[in-house]
Protein chains: 2
Amino acid sequence: MKKHAGTPSKSKKIHRSAAKKRAGGEPADAGRFYYKGNRHKQLRAFVSVVKLGTLTRAAEALFLSQPTISLQLQALERELGVTLLERRRRRINLTDAGEALYELARPLVEGWDTLDRDFQARVKGLQAGRLTIAAGTSTIQYLLPELVRRYRERFPAVQLQLANVTGKDGLAMLRADEADFAVGSMLDVPNDIAWAPVQHYDPMLILPPDHPLAAKEKITLEDISPYGLILPPQRLSTYRLVDLVFQQRQMPYHVAIEVGGWDVIKEYVAMGLGISIVTGICITEADHARLAVRNMKQYFPQRSYGVVMRKGKFLSAEARAFVDLIRPGLLTHRDYDEPGHSGR
Amino acid sequence: MKKHAGTPSKSKKIHRSAAKKRAGGEPADAGRFYYKGNRHKQLRAFVSVVKLGTLTRAAEALFLSQPTISLQLQALERELGVTLLERRRRRINLTDAGEALYELARPLVEGWDTLDRDFQARVKGLQAGRLTIAAGTSTIQYLLPELVRRYRERFPAVQLQLANVTGKDGLAMLRADEADFAVGSMLDVPNDIAWAPVQHYDPMLILPPDHPLAAKEKITLEDISPYGLILPPQRLSTYRLVDLVFQQRQMPYHVAIEVGGWDVIKEYVAMGLGISIVTGICITEADHARLAVRNMKQYFPQRSYGVVMRKGKFLSAEARAFVDLIRPGLLTHRDYDEPGHSGR
DNA sequence: ATGTTTCAATCATAAATATTGATAAATTCA
DNA sequence: TGAATTTATCAATATTTATGATTGAAACAT
């Protein structure tokens, strides 16, 4: 191999490589980046060392011998001209430069590591694997079915587990690595959690079609106030939200029935047992036949549903494929469109 | 080199690599990914070929000979087990699989290509280079100064060019590659442009302190209607926005003075020549002394300011460093925080 | 302290791999 | 058809990468 970095060539190229033909075209911008050695392997070693704490363990993880890692690190430091690790004590220590490099390199290395599987997934579909998604009942019932259908169509070999959990349990599953990610609504986002809202739904007032209020076009909070509400259990966010809004407006209200499950609530409302405020997510076309529906977005905030992940967790190919169905641009990045305003 | 991929080792390892020590620990999850050959170089070749259209040109760009590229491509296709390119005619053609791979690989290859420079930038600061940002006057005057200060502090060697342009010209500069990116507000985003809003400002009504309306706490559109407005030129979005809102509400209004520059407008208002509706961006602390200010967000939409880029363009290290100042997570990705709601 | 264990660095050597020049074959263009 | 351009093939060679053996240091246990 000619040392092609820096010294394009000596002999008159037959395969006209680089050196030639740099006259009429663009201002010699190409070839700005030479690749010394194999930065790729070096950085994989580096990232692995940082993750695992010692060269020896990194070597194990990468199926290499320890001297290899040592040499790669040295080459990396030499070529970058900085010290990355303090090899003090029994555990390595990142220098500031090392910290910076790790931050830059980790996503690349990880992206690289999963590229093959990602690609096979795209081309042939995933051949095996399992995906666990944590989600609330309403999400599973109304938001996910279509996505699950498309996912199963594309990746029939993947075992799909939908864990029906409420907020707290969902977060616990994420933290315990028992779920790849969660889908749902979040009122407040903990520090270690990343939330990417995708779908937005307006709050809806539902009433029996023969209810006195159903005649009115615009229904205000005052109008609602006298009637008994059917709401989900207090621990769920919808209840808390409704309560909050009425409290803030100092409007009296009373809960006639407290019962779990949007279907049940809709059924009860249709039967004339009360009225309710639900998220737009659970209003289907069919419901308009048996229920009167009014948008309440001027009084209650929108509910946003989205993907919930543990920060820093690297998603499996299976998980990434699903997230990509939910929202194409989210993981590939390079798509800076304004989020929000998708549903509604 | 022992074929370390797949066949961990034959002899009893001294440097205890992979094979050993897989008993008590985790369930042999490590080492799921082997690296055949040098996928890295193969993919760089592939991406380059796709970009440049022929193997020969790709070889030039990478300072390699043409056979090298040919072989790398073949190895890639063989190892992935798919055909990526149709080598028909004089120009290569991507297969579907090739398309998919290109999409997955390009960000990685590009990230890789600039990693070294990015790193040097982080560690030593950028040693040279030039950065051209297109922005409107108000952006340059109110939004950018602090950012520019911080950028110059960190990267004093970079030549910073701020092109003071209005919307159309800014887009033209982006498309002509005369600007690295633009910063500003966008009402509608063309298809080839990516916009990432970062800062959001409420619309503000400004009046002279002794104006009759200044006594009122809540000021409505009706209140404003009789008074003469001072607005920026019609071609600017603020004018169009104000006009639109009054039109929609079928509210009469009249423009007393049309004049460019927020500073001038503020000055005129302070002098009692009229009232105006401006973006919150240009209201500083000092202005509260000479102007009465009212938030008009219930009538006029928020204005969002953000980073405008040409889709697909890969930013220079200089540009990335700046964007990173504007909004840390935007480019590094891996940070799925809800955008929006930052300013105000 | 002293012996043991764990870890990283060094080095010569072995092996894999990448790159190349030469050349052939195919395609496009005039 | 002939010139030009492009890709594929191949054997030879240059280069990189990985390894085993070994050493010296630090941490740990007693």
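The values are calculated or read from the model by the stated rules, or taken from the named source; none is laboratory data. Source: prediction; values computed, not measured. Neighbour counts are summed over all protein chains in view; Cβ atoms, including those assigned to glycine, are modelled from backbone coordinates with ideal geometry.
Within the stretch A:263-287, being aliphatic (A, V, I, L, M), within 13 Å of residue A:231 (Cβ to Cβ) and surrounded by 16 or more Cβ atoms within 10 Å (Cβ to Cβ) holds for A:265, A:269, A:273, A:275, A:277, A:278. Checking each residue in the stretch B:197-255 for being crowded, with 16+ Cβ neighbours inside 10 Å, more than 22 Å from residue B:267 (Cβ to Cβ) and among the polar types (S, T, N, Q) picks out only B:199.
State yes or no: is residue B:119 within 16 Å of DNA strand D (Cβ to nearest atom), at pLDDT 85 or above and either of a type in the set (Ser, Thr, Tyr) or outside the structural domain of residue B:309 (by TED's automatic domain parsing) (or both)?
Values: within 16 Å of DNA strand D (Cβ to nearest atom): no; at pLDDT 85 or above: yes; either of a type in the set (Ser, Thr, Tyr) or outside the structural domain of residue B:309 (by TED's automatic domain parsing) (or both): yes.
Judged against the criteria, residue B:119 is not a match.
Applying the set (1) modelled with pLDDT of 90 or more; (2) away from chain B (no Cβ under 14 Å) to residue A:309 leaves exactly one unmet item: (2). Residues that are in contact with a strand residue (DSSP E or B) (Cβ under 8 Å, 6 or more places away or on another chain) and of a type in the set (A, V, I, L, M, F, W, C) were ranked within the stretch A:66-100; the one that is nearest to the other protein chains (Cβ to nearest Cβ) is A:84.
Among the residues of the stretch B:65-86, which ones are without any contact (Cβ under 8 Å) to a residue 12 or more places away in the chain and of a type in the set (A, V, I, L, M, F, W, C)?
Listed by number, the list holds a single entry, B:71.
Every residue, every condition in (1) more than 12 Å from DNA strand D (Cβ to nearest atom); (2) part of a loop (DSSP other than H, G, I, E, B); (3) out of contact with any helix residue (DSSP H, G or I) (no Cβ under 7 Å at 6 or more places or on another chain); (4) modelled with pLDDT of 85 or more, yes or no:
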position: B:4; (1), (2), (3), (4): no, yes, yes, no
position: B:42; (1), (2), (3), (4): yes, no, no, yes
position: B:70; (1), (2), (3), (4): no, no, no, yes
position: B:82; (1), (2), (3), (4): yes, yes, no, yes
position: B:90; (1), (2), (3), (4): no, yes, yes, no
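Is at least one residue of the stretch A:305-328 in the same structural domain as residue A:221 (by TED's automatic domain parsing), surrounded by fewer than 16 Cβ atoms within 10 Å (Cβ to Cβ) and without any contact (Cβ under 8 Å) to a residue 60 or more places away in the chain? No: zero hits.
Residue pairs whose Cβ atoms lie under 6 Å apart, sitting 6 or more positions apart in sequence or on different chains, and linking a residue in the stretch A:186-205 that is within 9 Å of another protein chain (Cβ to nearest Cβ) to a partner that is of a type outside the set (S, T, N, Q) and assigned to a loop (DSSP other than H, G, I, E, B), are A:194/A:311; A:194/B:336; A:195/A:186; A:195/A:189; A:196/B:336; A:197/B:338. Within the set A:105, A:134, the sole residue that is at pLDDT 85 or above and within 7 Å of chain B (Cβ to nearest Cβ) turns out to be A:105.
Which one of B:97, B:61 is over 22 Å from residue A:119 (Cβ atoms), more than 8 Å from DNA strand D (Cβ to nearest atom) and not basic (Lys, Arg)?
B:61
Checking each residue in the stretch A:173-213 for being at pLDDT below 90 and among the aromatic types (Phe, Trp, Tyr) picks out only A:195.
Which residues, counting only those in the stretch A:222-263, are assigned to a helix (DSSP H, G or I) and either within 32 Å of the chain's Cα centre (by Cα) or on the phi > 0 side of the Ramachandran plot (or both)? Residues satisfying the conditions are A:237, A:238, A:239, A:240, A:241, A:242, A:243, A:244, A:245, A:262, A:263. If a residue has to be under 23 Å from residue A:239 (Cβ atoms), surrounded by 15 or more Cβ atoms within 10 Å (Cβ to Cβ) and at pLDDT 90 or above to count, how many in the stretch A:148-172 make the cut? The qualifying residues number 5. When you look at residue B:42, is it away from chain A (no Cβ under 12 Å) and surrounded by 18 or more Cβ atoms within 10 Å (Cβ to Cβ), yes or no? So residue B:42 fails the test.
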